[in-house]
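Nothing in this text is a laboratory measurement; each read-out follows from the coordinates by a stated rule. Remember, it's a predicted structure, so these values are computed and weren't measured experimentally. Backbone-built Cβ (ideal geometry, glycine too); neighbour counts: all protein chains shown.
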């Protein structure tokens, strides 16, 4: 491993630690009261004290997020394929998709609660509904940008629409899919935590809401940091999958390393 | 009514678009190509040469006139045609070998047989790669190959399923002169071996004269055939042939016709 490569691995950690250091220092120098902005040292101490409930609630959030995300991948891929493959579906469905995506999902949660009650199901649905849009759009883009010559070569061989879709469309849109997954997974966390905050008695969002109502601000921040950390973790998982599945799209990086 | 020629284009016109914006790309064009013949279509850029390709393969339907391939009238995309463009259009997610085996997965009877007989098909593909000088490169991805190598692979993909009709749309246009001339010989070798009917669209007159049995000159848009000449130089032609007086004369004659047309 070269020094440059080592530095590249170390830098994100250094930046993270540096950020906490600045935060800690600012709190001490400006004597910010802990119920406004707690010091990171206090936050981490709280995190240790409440490790049991934090683990339980954050695992629950992780669980609902992943389910919502997986549903979003399935639904978003299906919609994206339909929109990208047929101009009729595109014209008909796109305005509806955009309208739906413009609705703040927090406004949707009460409706979902009326339908399904509070708890896990609204969190899953909210996560899914917020995450499917970038997936659908990216898949549709991948399909829409197939080179016409590539299509002509297949058509003149006698390929039908299904063969063009499976032999060119799908592989062609995988890099777009994985790019969108990285956005979608972070959006899924936003969705599930929003829903838990509004209507749940379990999950990290609920924990943060009840902590803030008791003015336990360090616990709120502990929850925020955990959500962020889970987001990074899941993002990293997506990146690993992306590299495995679409190595051909990252050829320049591969040639360097 | 078919005429006994393999490809028969009769009084074909093609109009793109509608109303004010419509473009007459091809006008009253007629062409006959015999089975196993290799013809070249040359002309200034924008003369509807590429439209001709799409018309013959049925990717675009003629506005007027009739086109027959074999004894079938072309109304929809015809099946099993080999095609190669200036842009190699290899699939970056497939290895070179997997790329050139693509037609086997689509064209019958190979599509039916390839599952059972994969080894034989792979051997066939590898042998073809060796013919064009890519013996070691089957496992490489297209982007690991040079432009000339990609175009060789592209030609392999166009001919591997033994199409009766091969359509080439300036396949050597983006290559440097040395590679281009080398690929002419490769192309000729493949054609002599397989004897498909070939249609080459190009603006390189030497290329047309080197590869074709007959050369058609198309006028600027709207495209019509304005000149036709038979190249009676025995095969295999070599690069040496291109410096012989009779070859040079043919190229001169072609050039003359085209420049006349452009100055009128």
Checklist entry - What FRET efficiency, computed as 1/(1 + (r/R0)^6) with R0 = 30 Å and r the Cβ-Cβ distance, is obtained for residue A:31 and residue A:70, rounded to the nearest 0.05? => result 0.05
Next on the checklist: Below 8 Å, C-alpha to C-alpha, sequence gap of six or more: please give me the relative contact order for region B:151-218 in percent.
Outcome noted: 38 percent
Item to check | Among B:183, B:175, B:165: highest mean-square fluctuation, GNM of chain B, C-alpha pairs under 10 Å | outcome: B:175
Next on the checklist: Let me check I have the definition right: for chain B, take the eigenvalues of the Cα gyration tensor, multiply each by 5, take square roots. What are those semi-axes in whole Å, largest first?
Outcome noted: 30, 23, 17
Item to check | Gap separating the Cα centres of region B:143-176 and region A:159-182, nearest whole Å | outcome: 24 Å
Item to check | Most mobile of A:232, A:98, A:67 in a GNM of chain A (Cα contacts under 10 Å) | outcome: A:98
Checklist entry - What is the Cα centroid distance between region B:202-258 and region A:18-65, reported in whole angstrom? => result 79 Å
Checklist entry - Label points 7 Å out from Cα along the Cβ direction at residue A:14 and residue A:100: separation in nm? => result 4.6 nm
Checklist outcome for this item: With a Förster distance of 56 angstrom and the Cβ-Cβ distance between residue B:61 and residue A:5, calculated FRET efficiency to the nearest 0.05 equals 0.45
Item to check | Contact order relative to length of chain A, as percent, for alpha carbon pairs under 8 angstrom and 6 or more apart | outcome: 26 percent
Checklist outcome for this item: Stretched fully, the stretch from residue B:243 through residue B:178 gains (0.36 nm per residue minus C-alpha distance, one decimal, in nm) 21.9 nm
Item to check | Gyration tensor (alpha-carbon) shape descriptor, region B:91-162, a/c threshold 1.5 | outcome: prolate
Next on the checklist: Can you give the FRET efficiency to the nearest 0.05 for residue B:255 and residue B:22, using r as the Cβ-Cβ distance and R₀ = 30 Å?
Outcome noted: 0.40
Item to check | Volume per residue that the Cα convex hull of the protein assembly as shown spans, once the total is divided by residue count, Å³ | outcome: 234 Å³
Next on the checklist: I'd like the distance between the alpha-carbon centres of region A:118-135 and region B:30-93, rounded to an integer number of Å.
Outcome noted: 50 Å
Checklist outcome for this item: Partner shielding of B:88-101, taken as the mean number of other chain Cβ atoms within 10 Å, equals 3
Next on the checklist: With a cut-off of 8 Å between alpha carbons and a minimum separation of six or more residues, what is the relative contact order of chain B in percent?
Outcome noted: 26 percent
Item to check | Among A:182-195, A:9-22, the order from most to least packed when residues are scored by Cβ within 10 Å on average | outcome: A:182-195, A:9-22
Checklist entry - What is the spin-label model distance, in nm, from residue A:229 to residue A:243 if the labels are put 7 Å beyond Cα along the C-beta direction? => result 2.3 nm
Checklist entry - Given 0.36 nm per residue, what is the gain on full extension from residue B:71 to residue B:195 after removing their alpha carbon distance, in nm? => result 42.8 nm
Checklist entry - Anyone know which of B:219, B:13, B:22 comes out most mobile in the 10 Å Cα GNM of chain B? => result B:22
Item to check | Distance between modelled label sites at residue A:147 and residue A:91, nm, 7 Å Cα→Cβ extension | outcome: 3.0 nm
Checklist entry - Taking a point 7 angstrom from the Cα of residue B:5 along the C-beta vector, which residues in region B:195-223 have backbone N less than 15 Å away? => result B:197-200, B:213-218
